[in-house]
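**Student:** Below: one structure in structure tokens.
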Amino acid sequence: MYITKRAEFSASHVCSVPGFPEERNRALYGSAANPHGHGHNYVVEVTVEGAPDPVTGMVLDLKRLKEILNREVVEPMDHRFLNREVPPFDAKVPTVENLAIEIWRRIAPHFTGAGARLHAVRVYESEDLYAEYFGEAPWSA
Amino acid sequence: MVRLTRRYRFSASHRLHTGALSEAENRSLYGKCNNPYGHGHDYTLEVAVTGPVDPETGCAVDLEALDALVRREVLADFDHRNLNEELPDFAACVPTSENVAAAIARRLSRRWAEAFPEGRPRLDRIGLRETPRNSVALALPRRLTKEQDES
């Protein structure tokens, strides 16, 4: 069974590759390349897979998942300028793809034990655009 | 690999009716959707693509190329049209959500290799929401798009 928890944060970012000329960044990222930055209300959905515990009826303790998301994602990213304040986005372009991968990387260590397994991280940059990351293992097969 | 989903919208009219059934059978099967004058919906289309994230740009897809392809192959023909009367896709099949999603998948697949000559990302899934209460999803097998890319 899959269970999904949602979290939200608002942040600014710039999408541009530091070494590229401005025209090339404009061509690649459009208005997202504006060097002064712009912002989004990001929505993160974390989906976990597992069997409900026969006693508690829960796949995992959602309070714990909320704490993990707050500590690893919302607190460090909410109302921040991602490129300047949230590593690794000083060195990596904070596209919605890279955000999904980074959020996975931050929360995956909390799912290493037996029990619920991290299935997907979905990041909405807007209502009309989202990226999903499922980890690397299933894809390499 | 990351899956990226982009949402688009179009408005269109249609009528659900098949020549294979009698008038009474059509009415009973399709209900209000069989109204001879047709009716319309604000459709929401989801196009999901899967590909590796370019380590330099952080992108899995050229969104401008995807938007241009969807606009040209789908929205330009579907938006503010009567699907039954104006689109050859539905000359021989009923424009149910299922068939509309399949037609959109065919249209995007046949031009995919031109839009994405590097062979990535791949077209992964088509979602189509006809009303807030009805939606379909079509997962595209890896093989299907690959064959179409090569043809």
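Nothing in this text is a laboratory measurement; each read-out follows from the coordinates by a stated rule. Keep in mind it's a predicted model, so treat the numbers as computed, not measured. Here the Cβ is made from the backbone with ideal geometry for all residues, glycine too, and neighbour counts use every protein chain on show.
**Student:** Report, to the nearest 10°, how far helix A:96-107 tilts away from the longest principal axis of the Cα atoms in chain A, using its own Cα long axis and a range of 0 to 90°.
**Tutor:** 40 degrees
**Student:** Take the alpha-carbon centre of segment A:75-141, take the same for segment B:7-62, and report the distance between them in whole Å.
**Tutor:** Segment A:75-141 and segment B:7-62 have Cα centres spaced 31 Å from each other.
**Student:** Per residue of B:46-58, how many C-beta atoms from partner chains lie within 10 Å of its own C-beta, taken as a mean?
**Tutor:** Mean number of neighbouring Cβ atoms from other chains: 5.
**Student:** Arrange B:87, A:60, B:138 by Cβ neighbour counts within 10 Å, fewest through most, would you?
**Tutor:** B:138, B:87, A:60
**Student:** With the Cα gyration tensor of chain A giving a ≥ b ≥ c as the square roots of its eigenvalues, does the rule (a/c under 1.5 for rounded; else a/b larger than b/c for prolate; else oblate) give rounded, prolate or oblate?
**Tutor:** Judged from the Cα gyration tensor, chain A comes out prolate (a/c at least 1.5, a/b above b/c).
**Student:** Follow-up. Out of B:121, B:95, B:52, any idea which swings most in a Gaussian network model of chain B, alpha carbons joined below 10 Å?
**Tutor:** Evaluated over chain B, the most mobile residue of the options is B:52.
**Student:** Order of A:132, A:75, A:49 from fewest to most other C-beta atoms within 10 Å?
**Tutor:** Result, fewest neighbours first: A:75, A:49, A:132.
**Student:** Still on this structure, I have one more. Restricting attention to the alpha-carbon atoms of segment B:1-83, what are Rg (one decimal) and Dmax (integer), both in Å?
**Tutor:** Using the Cα atoms of segment B:1-83, the pair Rg, Dmax is 18.5, 61 Å.
**Student:** How would you rank B:33, A:15, going from fewest to most other Cβ atoms within 10 Å of each one's own Cβ?
**Tutor:** B:33, A:15
**Student:** Also, quick follow-up: Divide by every residue of chain B the summed helix terms, -39500 (n - 2.57) for each DSSP H run of at least 4, and state the resulting mean residue ellipticity at 222 nm, rounded to the nearest 500 deg cm²/dmol.
**Tutor:** It comes out at -9000 deg cm²/dmol, rounded to the nearest 500.
**Student:** If the only charges are +1 at each Lys and Arg Cβ and -1 at each Asp and Glu Cβ, what is the size of the charge dipole of chain A around the Cα centre, to the nearest 20 debye?
**Tutor:** The calculated dipole for chain A is roughly 240 debye.
**Student:** What does the charge dipole of the protein assembly as shown about its Cα centre add up to, to the nearest 20 debye, if the Cβ of each Lys and Arg holds +1 and the Cβ of each Asp and Glu holds -1?
**Tutor:** 480 debye
**Student:** Now for a different question. Would you list, by chain and number, the aspartates and glutamates whose Cα falls below 20 Å from the Cα of residue B:32, excluding same-chain residues fewer than 8 positions away?
**Tutor:** B:23, B:42, B:85, B:98, B:130
**Student:** Using only alpha-carbon positions, what ratio does the radius of gyration of the protein assembly as shown give when scaled by 2.2 N^0.38 Å?
**Tutor:** The reported ratio for this selection is 1.14.
**Student:** Whole-Hz ³J(HN,Hα) for each residue in segment B:22-29, computed from phi via Karplus 6.51 cos²θ - 1.76 cosθ + 1.60 with θ = phi - 60°, x for glycine and proline: what do you get?
**Tutor:** Per-residue couplings from phi come out as 6, 4, 5, 5, 4, 4, 5, 6 Hz.
**Student:** Out of B:57, B:18, B:44, any idea which swings most in a Gaussian network model of chain B, alpha carbons joined below 10 Å?
**Tutor:** Highest fluctuation among the options: B:57.
**Student:** I've got another one for you. Quote the FRET efficiency, to the nearest 0.05, computed for residue A:84 versus residue B:139 with a Förster distance R0 of 30 Å and r equal to the Cβ-Cβ distance.
**Tutor:** Calculated transfer efficiency: 0.15.
**Student:** Now a separate question. What's the magnitude of the charge dipole for chain B around its Cα centre, counting Lys and Arg as +1 and Asp and Glu as -1 at the beta-carbon? Answer in Debye, nearest 20.
**Tutor:** In debye, rounded to 20, chain B gives about 400.
**Student:** For segment B:2-141, compute Rg over Rh where Rg is the Cα radius of gyration and Rh is the Kirkwood radius from the inverse mean 1/r over Cα pairs.
**Tutor:** Checking Rg against Rh, the ratio lands at 1.04.
**Student:** Average partner chain C-beta neighbours within 10 Å, per residue of A:120-133?
**Tutor:** 4
**Student:** Identify, among B:135, B:88, B:53, the residue whose Cα sits farthest towards the positive end of the charge dipole of segment B:47-151, taking +1 on the Cβ of Lys and Arg and -1 on the Cβ of Asp and Glu, with the dipole about the Cα centre.
**Tutor:** B:135
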